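A quick write-up on the structure given underneath.
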């Protein structure tokens, strides 16, 4: 039976700037269960927040000086001007500013609300930004996991993005290593010789969504181990989640 | 350990118009493995194509008479005018016609390429359309599964949709029964008392994406059983996937 399984990694401690995340993951996996010992055909999925924290992608709001543009946008959208300034700093372009939402194209090229700036810690006076280069973060973590265990699982870094036209958020891949983010079946036929319809599968995003289902939202469980997709894991790191981004001039919705 | 598992149901025969899909699923599950016997906390995920076939949502292209608008659009986008006519018949509105792609808002309200019309069988002279009312299809199938087994798993009907800004397709929910499509954590706090960031989770879409990963794309495996999400399954049928649709006047991307 073809089967995919996603399991939450428990027992990861609070991650601080400079933490050796690879070491923390390997220890937590070993403590939790021998079955979670990292293996080549697994995919280690991480909510970006732990990567951002480990890399120090945290901005103290008291150090932020809002520009005139940030003050104006903040007034119009009823937001904290310092948070808006951080969003602007993280954005290549603001696509929409409406209904209290800033839809940004980030410097990486992701289209998402508030440039992925996480304000859920803002009461503490800090906000968390996306990693500067999540594909590089994924490659670095994969290398560290390989050095520690001898196995080379794929690594996938996620964030929760809203979608056009549909309510709610789904997790998507913002960085990956060891997995082809798109599984290309274009032009191939199914078992009856018919051309396949859904033919260019954003598997990295589907894996991100799967991992999020295995997390309890009210607990600290940023890491999920996905098994059963060994055919998607590869030795080389591949193009990363940057490969998922549609070129601006091919984009029908701007 | 929190764990989510998706397993493909093998051995489903070719589904024809009028088929008793509930009966086919229960038989296939019983033959495959006792562990797949349907249970209340499971989610039965179906690629819409089997629902469409069972409901006769299939259009013979030789019966289609393209209108002038279909002929014009087909010429501009280099498509079969009869297929374009079926797409127009299935659409409330064409949002974009560019690069050989028609982005439609269907009568249901889904925004997707070609109104979800599946042309992969077009060589046979037929195309498959989306079910007329996928939420109703899900409720009817759930009722039938309950009558046959005494258990009431949730039922989720999916299609592969492209996305704005990102390459590739992911499966999303187009119909469901027995599951709240959105898991609402807005205003709730995490274990440390911090407000949660990703707070309105499109779980039905994440489950659709998970199920698709368990399918081999070159074989006939439209049905996937998802386990480990019993907390999302409910006795009542709920609002259906229609609850996922953003109102047109709230939509920032048109």
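Which residue fluctuates the most in chain B, going by a Gaussian network model with Cα springs under 10 Å, if the choices are B:210, B:199, B:146?
Its mean-square fluctuation being the largest, the pick is B:199.
Could you tell me whether region A:103-254 comes out rounded, prolate or oblate from its Cα gyration tensor? Rule is a ≥ b ≥ c as square roots of the eigenvalues, rounded for a/c under 1.5, then prolate if a/b exceeds b/c, otherwise oblate.
Oblate, because a/c is 1.5 or more while a/b does not exceed b/c.
Measuring nothing but label to label, 7 Å from Cα along Cα→Cβ, what are residue B:230's distances to the other copies in nm, shortest first?
Sorted ascending, the copy-to-copy spacings read 3.0 nm.
Most mobile of B:41, B:227, B:76 per a Gaussian network model of chain B (Cα springs, under 10 Å)?
Of B:41, B:227, B:76, the most mobile in the Gaussian network model is B:76.
Given a Förster radius of 41 Å and the C-beta distance between residue B:143 and residue A:76 as r, what FRET efficiency does 1/(1 + (r/R0)^6) yield to the nearest 0.05?
Working: r = 49 Å, r/R0 = 1.21.
Calculated value: 0.25.
Could you work out the relative contact order of chain A, using alpha carbon pairs under 8 angstrom and six or more residues apart, expressed as a whole percent? Each step should come with its number before you reach the end.
Working: 512 pairs, mean separation 63.6, N = 254.
Relative CO of chain A lands at 25 percent.
Hey, what D do you get for region A:1-48 in µm²/s if you plug the Kirkwood alpha-carbon radius into Stokes-Einstein at 25 °C and 0.890 mPa s?
So the translational diffusion coefficient is about 203 µm²/s.
For region B:75-126, how big is the tail of P(r) above 15 Å, as a whole percent of Cα pairs?
On the way: 532 of 1326 pairs.
Beyond 15 Å sits 40 percent of the P(r) for region B:75-126.
Which one of B:82, B:68, B:105 has the biggest mean-square fluctuation once chain B is modelled by GNM with Cα springs under 10 Å?
B:68
What's the Kirkwood radius of the protein assembly as shown in Å, using all Cα pairs?
Numbers: mean 1/r = 0.0425 Å⁻¹.
Averaging 1/r across every pair of different Cα atoms and inverting gives 23.5 Å.
With labels modelled as points extended 7 Å from the Cα through the Cβ direction, what inter-label distance (nm, one decimal) is found for residue B:249 paired with residue A:94?
2.5 nm
Calculate, axis by axis, the spread of Cα positions in region A:28-80 along the three principal axes, and write the results as whole Å, longest axis first.
Cα extents, longest axis first: 55, 20, 17 Å.
Would you tell me the mean number of C-beta atoms belonging to other protein chains that fall within 10 Å of each C-beta in A:9-15, as a whole number? Present the calculation step by step, with values, prior to reporting the outcome.
On the way: counts 2, 2, 0, 0, 0, 1, 0.
Partner Cβ neighbours, averaged per residue: 1.
Determine the equivalent ellipsoid of region B:55-193 by diagonalising the alpha-carbon gyration tensor, then write out the semi-axes as square roots of 5 times the eigenvalues, largest first, rounded to whole Å.
Details: eigenvalues 222, 95, 25 Å².
Equivalent ellipsoid semi-axes, largest first: 33, 22, 11 Å.
Nearest 500 deg cm²/dmol is fine: what mean residue ellipticity at 222 nm does chain B get from its DSSP H runs of n ≥ 4 alone, each adding -39,500 (n - 2.57), divided by its residue count? Intermediate results must be reported in sequence, preceding the final value.
Working: 6 runs with 66 residues, N = 254.
It comes out at -8000 deg cm²/dmol, rounded to the nearest 500.
For a distance above 25 Å, tell me the whole-number percent of Cα pairs in region A:1-106 that qualify.
Values: 2546 of 5565 pairs.
Value for region A:1-106 (Cα pairs over 25 Å): 46 percent.
Put a label point 7 Å from Cα along the Cβ direction on residue B:33, then list its distances to the equivalent points in the other copies in nm, shortest first.
In ascending order, 1.5 nm.
Answer rounded, prolate or oblate for chain B, using the Cα gyration tensor with square roots of eigenvalues a ≥ b ≥ c: rounded when a/c is under 1.5, else prolate when a/b is larger than b/c, else oblate. List each step's numbers first, then the result.
On the way: a/c = 2.15, a/b = 1.28, b/c = 1.68.
Because a/c hits 1.5 or more and a/b fails to exceed b/c, chain B counts as oblate.
Mind pulling the per residue volume of the convex hull built on the Cα atoms of region B:202-250? Å³ is fine. Numbers along the way, then the final one.
Values: hull volume 5.9 nm³, N = 49.
Dividing the Cα hull volume of region B:202-250 by its residue count gives 120 Å³.
Mind checking B:202-208 for the average number of partner chain beta-carbons within 10 Å of each residue's beta-carbon?
Numbers: counts 11, 5, 3, 7, 11, 3, 3.
Across B:202-208, the average partner-chain Cβ count within 10 Å equals 6.
Between residue A:92 and the same site in the other copies, what are the distances in nm, shortest first, taking label points 7 Å from Cα along the C-beta direction?
3.3
Read-outs: derived from the displayed coordinates by stated rules, not from any lab. Since we're looking at a predicted model, the values are computed, not measured. Methodologically, a virtual Cβ is constructed for each residue, glycine included, from the backbone with ideal geometry; neighbour enumeration extends over all protein chains shown.
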